[in-house]
Amino acid sequence: MAEIKVPELAESITEGTIAQWLKKPGDYVEKGESICELETDKVNVEIMAEESGVLQQLLANEGDTVAVGQAIAVIGEGAAAPAAAPQAASQPAAETEPAMPDARADQQAPQPQPAAVAQAPGQRPIASPAARKMAREKGIDLTQVPTVDPLGRVRKQDVASFAAQSAAVPQAAPQPAPTAPSVSTPTPESGKPVIREKMSRRRQTIAKRLLEVTQTTAMLTTFNEIDMSAVIELRKRKKDKFFEEHDVRLGFMSFFVKAAVAALKKYPYVNAEIQGDEILLKKYYDIGVAVSTDEGLVVPVVRDCDRKNFAEIERDIAELAAKARSNKLSLADLQGGTFTITNGGVFGSLLSTPLLNGPQVGILGMHSIKLRPVAIDEERIENRPMMYVALSYDHRIIDGKEAVGFLKTVKDLIENPEDLLLES
């Protein structure tokens, strides 16, 4: 017998939440096979068995908070795995209960049961994060969703199927159990309906760290605007050839990453960090690119941007964004950034004040490109595609002169992309 414990993950991560059990008691598990998914402050990670054997007991339920080093399951010796085989063989095939939902077609499939049957009174149903999110969006009571999972776990596909059936035959939809708590309850003060929703671990961490930044730094923001005409024209001329040669699209982000690296070299304190009473100047350029996901904002890091060309940066950004949205980022993908770029323009933001991504001391905010009248000289005014940009910085080590100079360097390079190509 051996215990499966929550492994060391990173210095800043001391606990997590059991998001989903991938194995159930009685399952035979190979060494290195994933047994559960753990939601941490930064990413979801899978915990693997350190030896082969039969999963004897689960010591934590889905939704429970567990600490690093805490035992969450017990695994026995592998000899116990075939123990039930003679009993199963003595029964007719039609009476044998399949071990998994995808058992052979000649066996009788388990009948879907409401998720509530797997729960003790007063407990909420076991469900994956994706299933809970879909249920909230569709207003579905998870205790009424049928599932074929032996432990009564509700999956996203169960919710989708239940929603489709309810829409097709509204009168056939099961009525909520009298004891099941409603997701919408009246407030004592007004008697009006509200929805109370527990914050995810990641959202709690985001809230905590953003609050810490505002309380522990002397954050200030400076603004400028960039004429995007030259970059837009260059992309139009080069995008097809660029895609043919590199199999990746040429976007705006690679231009801003390269411009930021050039500006960081010119103003090194923007690429620094405060440690106690010392300033740590970093002579490498690992740029974090903010990505919005259903679970919240994450900032995966593109490494060694000063050594990469436009195609390599675009490819890294695309791969990291895909991993972020499919919840496949590793802790290594999120650690060690020296400077961050965030693009609120993809959501239509015209102007904003980005918050620092501690312990970094600078963050560049991009925004929507809008046609605006621009004075070309004393007599001419033209409509130009303009973008407001913002640099938030820690005034404890970065003076206003440096911040303004940094942002102007970015502006000059984006407005003259040929110079940017020479810089890279």
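The values are calculated or read from the model by the stated rules, or taken from the named source; none is laboratory data. All values reported here derive from a predicted model rather than from experimental measurement. We place every Cβ from the backbone using ideal geometry, glycine too, and count neighbours over all the protein chains shown. These area figures cover heavy atoms from the full protein model, side chains too; ligands, DNA and RNA do not enter into them. Shrake-Rupley method; radii C 1.70, N 1.55, O 1.52, S 1.80 Å.
Starting from the amide H of Val29, placed 1.01 Å from N in the peptide plane, find each other amide H under 5 Å away whose residue is 5 or more places distant or on another chain.
Here the answer is Gly53, Val54, Leu55, since their amide H atoms fall under 5 Å of that of Val29.
³J(HN,Hα) across the range 326-337 via Karplus (A = 6.51, B = -1.76, C = 1.60, θ = phi - 60°), whole Hz, x for Gly/Pro?
Once rounded to whole Hz, the list reads 9, 6, 10, 5, 9, 4, 4, 5, 10, 9, x, x.
What is the percent carbon and sulfur in the accessible area of the range 301-424, measuring with a 1.4 Å probe over the protein chains and ignoring ligands? The partial results should precede the final answer.
Values: 3120 of 6140 Å².
So the carbon and sulfur contribution to the accessible surface is 51 percent.
Quick one: in the range 300-352, what % of C-alpha pairs are over 17 Å apart?
On the way: 648 of 1378 pairs.
Across the range 300-352, Cα pairs with separations above 17 Å total 47 percent.
Which value in Å is the Kirkwood Rh of the range 282-386 over different Cα pairs?
Working: mean 1/r = 0.0646 Å⁻¹.
Final number for the Kirkwood radius of the range 282-386 is 15.5 Å.
Using a simple spin-label model with points 7 Å from Cα along the Cα→Cβ vector, what separation in nm is obtained for Ala218 and Leu350?
Inter-label distance under the simple model: 3.3 nm.
Do any of Lys5/Lys198; Lys258/Lys408; Lys370/Lys411; Lys265/Lys411 go past 24 Å between their Cα atoms, and which?
Violating the 24 Å Cα-Cα cut-off are Lys5/Lys198.
Based on the Cα atoms of the range 184-323, what semi-axes does the equivalent ellipsoid have, where each is the square root of 5 times one gyration tensor eigenvalue, given in whole Å with the largest first?
On the way: eigenvalues 261, 119, 47 Å².
Equivalent ellipsoid of the range 184-323: 36, 24, 15 Å, largest first.
Given points 7 Å out from each Cα along the Cα-Cβ axis, report the Gln204 to Asp419 separation in nanometres with one decimal.
Simple spin-label model gives 4.9 nm for this pair.
What span do the alpha-carbon atoms of the range 326-424 cover on each of the three principal axes, reported in whole Å from largest to smallest?
54, 36, 30
Length gain on complete extension for the stretch Ser34 to Asp240, per 0.36 nm per residue less the alpha carbon to alpha carbon distance? Walk me through the numbers on the way to the answer.
Numbers: separation 206, 0.36 × 206 = 74.16 nm, distance 4.25 nm.
Full extension of this stretch gives 69.9 nm more.
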